[in-house]
1. Touching a strand residue (DSSP E or B) at 6+ places or on another chain (Cβ under 6 Å) and within 14 Å of residue 6 (Cβ to Cβ): which single residue out of 30, 45 fits that description?
């Protein structure tokens, strides 16, 4: 399988031809060069994103059964060769900007399980307030997604998950959203005293 390197951000694409555009920095496919020659040592670029969110553990016996807030930190390690033109494996700002298109949905948002009885009541309140379908003050609207693991409601800062929103399960959601466009080697999500990591 051929490898193609984005000359702007260092993203590596595998396939018979270069992609139409870079999924990370969005330049045209003409900016990709085929990777040739001997193998170089692979390194990781490490990017961190902070997410402020509220959630609760449905059916849990303990304080976490109540709606409460967290500051979470997602660390993304992207593997590749150092791009000689810019010195990065992938520029951290490129990774951050691309990941944030999805992860902004989780920031200053409520994350609830789909079976949570709070969910329909919350949507009713938002409907009465006229903010269910958006507000001029909700300026951080992310990419709308609906996967096997989670559904985003970007206009009302809500994410509905299929499993309880632990670090482990949220990390699985984050990875599923980003794995096809970033060459992820490792991800770690830390929230309060809890953390989970995933190595690829």
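The values are calculated or read from the model by the stated rules, or taken from the named source; none is laboratory data. Note that the structure is predicted; figures quoted are calculated from it, not measured. Cβ atoms come from the backbone with ideal geometry, glycine included; neighbour counts cover every protein chain shown.
1. 45
Per-residue answers, yes or no, for (1) within 15 Å of residue 111 (Cα to Cα); (2) at pLDDT below 95; (3) surrounded by 15 or more Cβ atoms within 10 Å (Cβ to Cβ); (4) touching a helix residue (DSSP H, G or I) at 6+ places or on another chain (Cβ under 8 Å):
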| site | (1), (2), (3), (4) |
| --- | --- |
| 35 | no, yes, yes, no |
| 39 | no, yes, no, no |
| 50 | no, no, no, no |
| 63 | no, yes, no, no |
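Okay, residues lined up against (1) touching a residue at least 12 places away in the same chain (Cβ under 8 Å); (2) not in a strand (DSSP E or B):
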{"residue": "26", "(1), (2)": "no, yes"}
{"residue": "46", "(1), (2)": "yes, no"}
{"residue": "54", "(1), (2)": "yes, no"}
{"residue": "57", "(1), (2)": "yes, yes"}
